[in-house]
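Just below is one structure, and these are the notes that go with it.
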Ligand code: DX5
Ligand code: ZN
């Protein structure tokens, strides 16, 4: 079965002074997931929010929280984010020395496990953990900031990963994160991505509902064309 197309607004580009309202707004506008970027100022050159904020926001919506950990030693923090209300937890392959252990601990906490790859990291780094994950997150910008330009070289990685998952009959969600807007969503969807993260591409638009609907339509049409 083909995995569903899911649209995941990244609250990194939301108004941090009214995060709860902004989450209500994208939930009402048809978002499937809330993408929450956690940055530690070490793995990436920026700092965002931590588990207490995730816990506070958890009460605001029933949408699943897709928590993207851009932090060093993520294995130390998995339980805390699981407990705060994450539904999907992504650890970066470059950050987790004990990647296998980190992914197992996410599943042990009853959450969906995902592994993230920076633009320059080869998909070979996840080949031996594909059976342990529900999703692979392919970064299409260098992590750390919203509003950067899409790096087209990642299309090849998305296509290779989808081909590998299909060949091994693994039902894998492939998430793409960084620089995705209405006008390039078809390229990543055609390559094989089905979970679409967009921060500035949604939150900087006036009409969230129309933006999310058009992204979904274009992604689905591109996936159907193959
Ligand atoms: C970047 C984050 C992204 C970011 C994407 O490090 O992981 O989730 O919010 O922002 P846009 O969609 O604006 O590139
Ligand atoms: Zn992200």
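Every number in this text was worked out from the coordinates using simple rules, so none of it is lab data. Just so you know, these numbers come straight off a predicted model, no measurement behind them. Backbone-built Cβ (ideal geometry, glycine too); neighbour counts: all protein chains shown.
In this rough spin-label picture, where each label sits 7 Å from Cα along the Cβ direction, the residue 108-residue 2 distance is 3.8 nm.
For the chain, adding -39500 (n - 2.57) for each run of n ≥ 4 DSSP H residues and dividing by the number of residues yields -10000 deg cm²/dmol at 222 nm. Measuring how big the range 143-214 is from its alpha-carbon positions, Rg and Dmax come out at 13.1, 42 Å. The simple spin-label model puts a point 7 Å past each Cα toward its Cβ; for residue 124 and residue 204 those points are separated by 3.6 nm.
From the alpha carbon gyration tensor of the range 1-112, can you work out the equivalent ellipsoid semi-axes (sqrt of 5 times each eigenvalue) and give them in Å, largest to smallest?
Equivalent ellipsoid semi-axes, largest first: 23, 17, 13 Å.
Between residue 142 and residue 59, how high is the FRET efficiency from 1/(1 + (r/R0)^6) when r is the Cβ-Cβ distance and R₀ = 35 Å? Nearest 0.05.
The computed FRET efficiency comes out at 0.60.
Rounded to two decimals, the Cα-based Rg/Rh of the range 59-104, with Kirkwood Rh, is 1.00. Once Rg and the Kirkwood radius are both taken over the C-alpha atoms of the chain, their ratio Rg/Rh works out to 0.93.
Short-range pairs are left out: with C-alpha atoms under 8 Å and at least six residues apart, the relative contact order of the chain is 21 percent.
Could you grab the relative contact order for the range 139-226? Cα pairs under 8 Å, six or more apart, rounded to a whole percent. Walk me through the numbers on the way to the answer.
Working: 122 pairs, mean separation 26.2, N = 88.
It comes to 30 percent, rounded to a whole number.
Largest first, the extents of the alpha carbon coordinates of the range 75-126 on the three principal axes equal 32, 17, 14 Å. Dividing the mean sequence gap of close Cα pairs (under 8 Å, 6+ apart) by how many residues the range 4-86 holds gives a relative contact order of 31 percent. Spacing of the modelled spin labels on residue 181 and residue 24, each 7 Å from Cα toward Cβ, amounts to 3.0 nm. Checking the a/c ratio against 1.5 first, then a/b against b/c, what shape does the Cα gyration tensor give for the range 1-43? It comes out oblate by the Cα gyration axes. The separation of the range 89-111 from the range 163-226, counted between C-alpha centres, amounts to 24 Å. Cβ crowding within 10 Å, taken as a proxy for footprinting-reagent exposure, orders 111, 59 from fewest neighbours to most as 59, 111.
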